[in-house]
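This report refers to the structure that appears directly beneath it.
Since every read-out is calculated from the coordinates, none of them should be taken as a lab result. No experiment lies behind these values; they were computed from the predicted model shown. Here the Cβ is made from the backbone with ideal geometry for all residues, glycine too, and neighbour counts use every protein chain on show.
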Amino acid sequence: MSRDEILKRAKGLPGIREVAVVGPGEMSAIQTIGDVMSRFGYGTGSWQMTCSGGVVDFVTSESTTLSVLREGRYPAGVWETLMIVARELGRLS
């Protein structure tokens with residue numbers, strides 16, 4: 001399967017609206033936001049980004065990070081599947 005095909009299938013998971021690979025520069029910006037949030041008293045992983053389309057999460061496995069726009073809570077097995085997607089995309093790079 002190609003990278004595009006894997007991402008297309010990930011976007012088809014229940015409750016998922018969009019999935020994109022986060023580049024190194026984007027990851028640096030996300031880490032900066034996380035550092036600021038920790039100064040506000042929110043530890044790593046205790047804050048989330050929201051927008052009119054849902055909630056944005058960042059799924060990291062090994063060297064690959066995905067941004068995931070989701071609606072509501074993750075259905076059973078979806079988070080784990082996204083971790084596998086991130087890992088496999090990292091292997092393709």
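Structure notes:
- In the stretch 3-92, Cα pairs under 8 Å separated by at least six residues give a relative contact order of 35 percent.
- Selection of chymotrypsin sites (Phe, Trp or Tyr not before Pro), the chain, meeting DSSP coil and at most 15 other Cβ within 10 Å: Phe40, Tyr42, Trp47
- Taking the C-alpha atoms only, the angle from helix 78-92 to the longest principal axis of the chain is near 70 degrees.
- Principal-axis tilt of helix 24-39 within the chain, Cα atoms, nearest 10 degrees: 40 degrees
- Residues Arg39, Arg91, Arg70, ranked from the fewest to the most other C-beta atoms within 10 Å, line up as Arg39, Arg91, Arg70.
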